[in-house]
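Down below is the structure, laid out as structure tokens.
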């Protein structure tokens, strides 16, 4: 997917509206079509099953459900789905789900780091 996101579709799952708005804006900046947003594991999985996006961006703070379960179920539902987990740099109780995620992005992050994580640009030095 790297470099060709013009028609790539994405779904965002985050418990806080502000985080969903931020992630949606960053995805649109990198030419992703955001097909839906959810705040819980169940609603996020429903969107993945309904829309079959190329990318799922999940914030570690969701209202219901478990991050490891969400990522594992999304992977089973769509094996080619790129999974990006966004989590705080440090924090108690943050679930470790990096074994399912294709990229783990720690907040705060730079726009370049986000672009690399979602596959919009290849890894390399920040410009």
Regarding segment 9-118, what is the average projected area of its C-alpha convex hull, in nm²? 5.8 nm²
Once the Cβ-Cβ distance between residue 90 and residue 42 is put in as r, and R0 is 30 Å, what FRET efficiency do you end up with, to the nearest 0.05? 0.60
With a Förster distance of 30 angstrom and the Cβ-Cβ distance between residue 31 and residue 99, calculated FRET efficiency to the nearest 0.05 equals 0.55
Modelling each spin label as a point 7 Å along the Cα-to-Cβ direction, I'd like the residue 50/residue 107 distance in nm, to one decimal. 2.5 nm
As a test of the formula, what do you get for the chain when each DSSP H run with n ≥ 4 contributes -39,500 (n - 2.57) and the sum is divided by the residue count, at 222 nm and rounded to the nearest 500 deg cm²/dmol? -10000 deg cm²/dmol
For a quick protection proxy, order the peptides 77-83, 40-46, 55-61 by their average other-Cβ count within 10 Å, most packed first. 55-61, 40-46, 77-83
Only Cα pairs under 8 Å and at least 6 apart count here; give the relative contact order of the chain as a rounded whole percent. 25 percent
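Just so you know, all these numbers are worked out from the coordinates, no wet-lab data involved. Just so we're clear, the structure is a prediction, and the values are computed from it rather than from any experiment. Every residue, glycine as well, gets a Cβ built from its backbone with ideal geometry; the counts of neighbours run over all protein chains shown.
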